[in-house]
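All remarks here apply to the structure that follows.
The values are calculated or read from the model by the stated rules, or taken from the named source; none is laboratory data. Just so it is clear, the model here is predicted, and its values are computed rather than measured. Every residue, glycine as well, gets a Cβ built from its backbone with ideal geometry; the counts of neighbours run over all protein chains shown. The accessibility values were calculated without ligands, DNA or RNA, using every heavy atom of the protein model including side chains. Shrake-Rupley method; radii C 1.70, N 1.55, O 1.52, S 1.80 Å.
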Amino acid sequence: PTTPDCSTDPGHVMPPHEPSTDNRIERRLVAEQQTLAQPLRVLLRGEPVVCDETVTVRAALRTMNEAHVGAIVVVDARRRPVGIFTERDLLRAMPELDLDAPVTGSMVPEPLSLPAHTPSYEAALMMVEHRIRHVLVTDEERLVGVVSERALFSLQRLGLGELTLEIRLARDIEALAQLAGRVRQLTRTLVEEGVAPERLTLFVSVLNDRISERIIELTRKRHAWDRIGWCWLSFGSEGRLEQTFATDQDNGLLFVAHDGAPPARVRELLLPFAREVNEALDTCGFPLCKGNVMASNPELCLSFDEWKSKLSGWLENSEPKALLDASIVFDFLPL
């Protein structure tokens, strides 16, 4: 006998459609991105747990335990944060830790903080950038609260955090190319859901920067030189943290020879490295610049003094070409 059509069988109940894991993650990312638009003050719950600079480690731990928190903020007489002591700091200091010593000896000084009016996504990005779990919230430099990774978002585990970890552990350019594709896929989803452009471009730019950094790290291992200080520079939209789906490359290389070698000789060593990085970026979906605004261009692989001279020349020259070059390069970010 033929099998009846289940879709028309009144006695058959179709199972509910279950989205794939990737779709669930993307939808959750969208919801979290909408939440991250709120100012940090909206996320604050209750008074922050604090102590002064004279408190011992033992007393600080007792306060943390009673308040059921994983961190305590050390503040001065004007309630300005001077440090933060967390469970991580406790584990790092063991077993030599003296419980009766001042907590200031074990705290992290000058903890990262943001004003209460700051959009929450900036705290999220700061946590990812600095690999921290708490951001202090201030109002006119006075502590008003603490935002933890757990309270802020699970995006750290399913979105930015997950992707940045995978990028950091990628072993070759092929793996990075696949991750770059995932970033673009997430970007399309966020656009379709109406995520605000400022948050969207920051999200994309941070992930693209991590991909670029990993490409540079992997490529550097295949090139031998020493006594050269160098810095990879990103220009244009990447320098402004305003990248979208895909943008071509705009980058350069700055170097200093610690042994006094002439710039031309150092450039000869660095250009093959720069060319390989440019080609790897192209493989990962960042097209080569048609205008050759790339580190593999000898005119953009310069010593510190050469860069100073070039920038000064642009400032003093009102010709269209000089203005175009300046408009690209002056928006720069050191990767």
Length-normalised contact order of the stretch 273-335, Cα under 8 Å, at least 6 apart, in percent, tallies to 19
Protein-only accessible surface order, largest first, of Trp230, Trp307 at 1.4 Å | Trp230, Trp307
Put +1 on the Cβ of each Lys and Arg and -1 on the Cβ of each Asp and Glu in the stretch 200-335; which of Met294, Cys231, Phe330 then has its Cα farthest toward the positive end of the dipole?
-> Cys231
Rounded if a/c is under 1.5, else prolate if a/b beats b/c, else oblate: with a ≥ b ≥ c from the C-alpha gyration tensor eigenvalues square-rooted, which is the stretch 67-153?
-> oblate
What figure in square angstrom, to the nearest 10, would you give for the accessible area of Glu192 with a 1.4 Å probe?
-> 140
Could you give the size of the charge dipole of the stretch 204-315 about its Cα centre, using +1 on the Cβ of each K and R and -1 on the Cβ of each D and E, expressed in debye and rounded to the nearest 20?
-> 180
Any idea what the relative contact order of the stretch 200-250 is, in percent, if you count C-alpha pairs under 8 Å spaced at least 6 apart?
-> 67
Taking the Cα atoms of the stretch 216-335 alone, what are Rg (to one decimal) and Dmax (as a whole number) in Å?
-> 14.3, 42
Evaluate the charge dipole of the stretch 277-335 about its Cα centre and quote only its size in Debye, nearest 20, assuming +1 on the Cβ of each Lys and Arg and -1 on the Cβ of each Asp and Glu.
-> 60
Rounding to the nearest 20 debye, state how big the charge dipole of the stretch 100-154 is about its Cα centre with +1 on each Lys and Arg Cβ and -1 on each Asp and Glu Cβ.
-> 240
Evaluate the relative contact order of the stretch 162-217 (contact order divided by residue number), counting alpha-carbon pairs under 8 angstrom at least 6 apart; express in whole percent.
-> 51
Tell me which aspartates and glutamates have Cα within less than 18 Å of Lys221's Cα, excluding those fewer than 8 residues away on the same chain?
-> Asp172, Glu174, Glu213, Glu268, Glu276, Glu279
Taking only C-alpha positions in the stretch 244-311, Rg and Dmax in angstrom work out to 12.9, 42
So what's the net charge close to Ser205: Lys and Arg +1, Asp and Glu -1, counting the other residues with Cβ under 9 Å from its Cβ?
-> -2
What lysines could a cross-link reach from Lys308, if we take a straight Cα to Cα line under 19 Å and drop same-chain neighbours fewer than 8 places away?
-> Lys321
